[in-house]
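*Asks:* I am attaching a structure below and will ask some questions about it afterwards.
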Amino acid sequence: MIPEHPPKATPAALTQPSPVKSLLISLPMMVLTLVMTTGGRLPSDPLRLLILAATYLFFNVLFFLMVHTGKTDRYRAIAFISYALLFIVSFITHMIEVRGSMSLSQEKILLCEVPFCHLVIPMTLIPAALTKTIIFPGELVKGYASIATMFVIWIGASLALGRGWCSWGCFFGGLDDAFSRIRKSPLIKAIDRRWTYLRWAVLLAVVLTAAAFLTPTYCTWLCPFKSVTEFSEVTDFRGVVQTIIFVSLFVALVIAMPVLTKRRIQCSLFCPFGAMQSLTNRINAFDVRFDTAKCLNCKRCLKSCPTLSVTEESIKAGHPLLSCMKCGKCTDVCPTGAAAFHIRGTPVGEGRSLKRILFLYAAFLFLATFSGGLIQDGLLRIVRLITTGNMI
Amino acid sequence: MQGFVLGLSSGAVCAAYCAPVLVPCLLGEGRGVLANAWALLLFLMGRLLGYLGFALLAWGINQALLKEAGERSLLIGTAYVALSVLLVFYGFFRPRHACQAAGGGGVVGRLREFWPSLLFFVSGVATGLNFCPPFLLAVTAASQEGSLAGSLLFFFTFFLGTSVFLIPAPFLGLLAGRPVLQTVGKMAAGLIGAYYLYIGITLLAGGFLS
């Protein structure tokens, strides 16, 4: 059983860089994000140019603040949650634009025009090995959110960030991250540790049933995010059952439980992709470590971890559990800097700031690049709604 | 020989159909390789019984089960519901051994005594009755056999061919001794059971309506 609610953290007794030094450290990020968000050319439409400038400023101000204040999660969350919300705006309006509806018709499924999302990946691997086919009605190379594009992005992100994907790249994760921040203190203060095994059970169940029936069972039956993206047309009993399940899971796992527990319940306890992604934490350079020599055993990291990845045993062992999403919350609340980003193969406790900056460059650049286009599109559609009354 | 070759050629798909039942249960039990091999043997015996039972049934009623979609749905639906009940029970309930002093005998007591061997055997029978694609192929091929003995022999050799692909399953016992995996296996069995229950109910409803 895990006690809840982190006490108020006293500011870390760490040296804060001067504004000039922070600006100099942020300078390469400014150049990189400029290249990545513009693709080397500026839009001719003044409105698009304005939105591009706003997005660029948004990211770089956040990065500067991360560097200058030493707080990671506080500013990551702003970008991550904005990304999730604007993704929904962009995705839904795009679907309405091309299909005329948020729902997915049988015709579009048969034409293989369903956008591919990373949550499907665990279910595709065994059938791909057995039958040399991808069991998803999406476009392989061309089109909106193609299968190949998502696989390439996933492999790159896994190598660079491991499960950091779930806090820096996933376009759904920002939703339960947002809801987990609504209350100041949790109403449900203890979560039985056994529940953390549920995500592995969901992974095992969906992988095995997907291999048996050659259908992505999680997407068909269990994905809460269907409620805010796309879902099958409700034309029969099956469609009714599916829709009830999607909406119920969304309300329970993405809204209610995160609000009540202040934890990212969907990501931590239910997401099969997240479970699989935990394994990639073993193969990438960055992780979080606890310097046991500096640790005061105040357990702030344990109490604040939104993904239940810190236990008393893991603190003693000097690292969080495999499920760590590298959100930076434990490093933010640690009063002594004992919890810190780390590069594998290097001594723990040395060069803390440099290692953090190197991690931030990989993670933040990925977030800015991956989300930049979607954030701009979402903003553009909102501006259109305000100015013309129509988002399409 | 033809049945064996057919089993070998389509056994991977067959294994994929059996895995959602077998893997969570083997993990959930958390036993060693030898104990898992025994569990697999029970499962395979159940599956063989299912196959031969179906061969008998199909031959006896002149393959009416294959021709009538409604009856076929009822049979498969029943098998799925039986599987789901087993899996949900396995996943979410813990059978306790009957207390001898309290006179805990009777049918339930005897069932408890044979748990989880019973689980593997009965789930083998139920998966044997599922119409997975390789099984349909075997049914079509067996229907060309003129006699009951020929049909039974075909299914037996087909069973041997497909069983080859399940040989690695007991090696899940190498992961034994990790309570986490036992919990994960039982939770997964429950989830898969719930999924099978829905499939079974829709098949039964389809069978009754047609």
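Any read-out appearing in this document is the output of simple, stated calculations on the displayed coordinates, not a laboratory observation. Just so it is clear, the model here is predicted, and its values are computed rather than measured. A quick note on method: Cβ atoms are made from the backbone with ideal geometry, for glycine too, and the neighbour counts reach across all protein chains shown.
*Asks:* Cα convex hull of the range A:77-158: how many Å³ per residue?
*Replies:* 112 Å³
*Asks:* Moving on. Hey, got the average number of other protein chain Cβ atoms within 10 angstrom for residues in B:186-197?
*Replies:* Average per residue, whole number: 5.
*Asks:* Evaluate the distance, in nm, between pseudo-label points positioned 7 Å from the Cα of A:N390 and of B:W115 along their respective Cα→Cβ axes.
*Replies:* 6.4 nm
*Asks:* Picking from B:A12, A:G156, A:L119, whose Cα lies most toward the positive end of the charge dipole for the protein assembly as shown (charges on Cβ: Lys, Arg +1; Asp, Glu -1)?
*Replies:* A:G156
*Asks:* How would A:W221, B:W38 line up from fewest to most surrounding beta-carbon atoms within 10 angstrom?
*Replies:* Exposure proxy ranking, most exposed first: B:W38, A:W221.
*Asks:* Each label point is 7 Å from the Cα along the Cα-to-Cβ direction; what then is the distance between the points at A:R99 and A:E233, in nm?
*Replies:* 1.1 nm
*Asks:* Report the Cα-based extents of the range A:285-350 along its three principal axes, largest first, to the nearest Å.
*Replies:* Dimensions of the range A:285-350 along the principal axes of its Cα atoms: 28, 23, 20 Å.
*Asks:* Please find the FRET efficiency linking A:T346 to B:L136, where r is the Cβ-Cβ separation and R0 is fixed at 51 Å, and quote it to the nearest 0.05.
*Replies:* It comes to 0.30.
*Asks:* Treating only the Cβ of Lys, Arg, Asp and Glu as charged (+1, +1, -1, -1), what charge dipole size does the range A:102-281 show about its Cα centre? Round to the nearest 20 debye.
*Replies:* Taking the Cα centre of the range A:102-281 as origin, the dipole is about 880 debye.
*Asks:* Using +1 on the beta carbon of Lys and Arg, -1 on that of Asp and Glu, and nothing else charged, what's the dipole of the protein assembly as shown about the Cα centre, debye to 20?
*Replies:* 2120 debye
*Asks:* Taking neighbour Cβ counts within 10 Å as the exposure measure, how do B:L56, B:L209 sort from fewest upward?
*Replies:* In order of increasing Cβ crowding within 10 Å: B:L209, B:L56.
*Asks:* Just A:T33, A:T131, A:T261 to compare: in a GNM of chain A, with alpha carbon springs under 10 Å, which one fluctuates most?
*Replies:* A:T131
*Asks:* Projected area of the protein assembly as shown, taken from the Cα convex hull and averaged over every viewing direction, in nm²?
*Replies:* 32.6 nm²
*Asks:* Evaluate the distance, in nm, between pseudo-label points positioned 7 Å from the Cα of A:E107 and of B:L160 along their respective Cα→Cβ axes.
*Replies:* 5.4 nm
*Asks:* Quick one: order A:S309, B:S147 by neighbouring beta-carbon count within 10 Å, fewest to most.
*Replies:* Exposure proxy ranking, most exposed first: B:S147, A:S309.
*Asks:* While we're on this one: Scan chain A and note any complete DSSP helix (H) whose C-alpha atoms cover at least 30 Å along its axis and whose Kyte-Doolittle average is 0.5 or more.
*Replies:* Sorted by number, the helices that extend far enough and score high enough are A:46-69, A:73-99, A:352-388.
*Asks:* Using the beta-carbon distance between A:V240 and B:V180 and R0 = 41 Å, what value does 1/(1 + (r/R0)^6) give for FRET efficiency, to the nearest 0.05?
*Replies:* The calculated FRET efficiency here is 0.65.
*Asks:* Which of A:K329, A:K303, A:K316 moves most in a GNM of chain A, Cα contacts under 10 Å?
*Replies:* Most flexible of the set in this elastic network: A:K316.
*Asks:* Go ahead and run the numbers for FRET between A:R181 and B:I167, Cβ-Cβ distance against an R0 of 45 Å, rounding to 0.05.
*Replies:* 0.35
*Asks:* Shielding by partners for A:19-26, please: the mean number of other protein chain Cβ atoms within 10 Å of each residue's Cβ.
*Replies:* Mean partner shielding for this stretch: 0.
*Asks:* From the alpha carbon gyration tensor of the range A:143-186, can you work out the equivalent ellipsoid semi-axes (sqrt of 5 times each eigenvalue) and give them in Å, largest to smallest?
*Replies:* Working through the eigenvalues yields semi-axes of 28, 13, 5 Å.
*Asks:* Now a separate question. Once the piece of chain linking A:K142 and A:E313 is laid out straight, how much longer is it, given 0.36 nm per residue of separation minus the C-alpha distance between them?
*Replies:* 56.8 nm
*Asks:* Same structure again: Express the relative contact order of chain A as a whole percentage, based on alpha carbon pairs under 8 Å and six or more residues apart in sequence.
*Replies:* Averaging sequence separation for qualifying contacts and normalising by length gives 26 percent for chain A.
*Asks:* Can you tell me the dipole magnitude for the range A:213-323 around its Cα centre, using point charges on the Cβ only (Lys, Arg +1; Asp, Glu -1), in Debye to the nearest 20?
*Replies:* 540 debye
*Asks:* Contour minus end-to-end for A:K21 and A:L42, with contour as 0.36 nm per residue of separation and end-to-end as the Cα-Cα distance?
*Replies:* Result: 4.6 nm gained on full extension.
*Asks:* Here's a follow-up. Please report Rg (one decimal) and Dmax (integer) in Å for the Cα set of the range A:102-281.
*Replies:* Reported Rg and Dmax, both Å: 16.4, 50.
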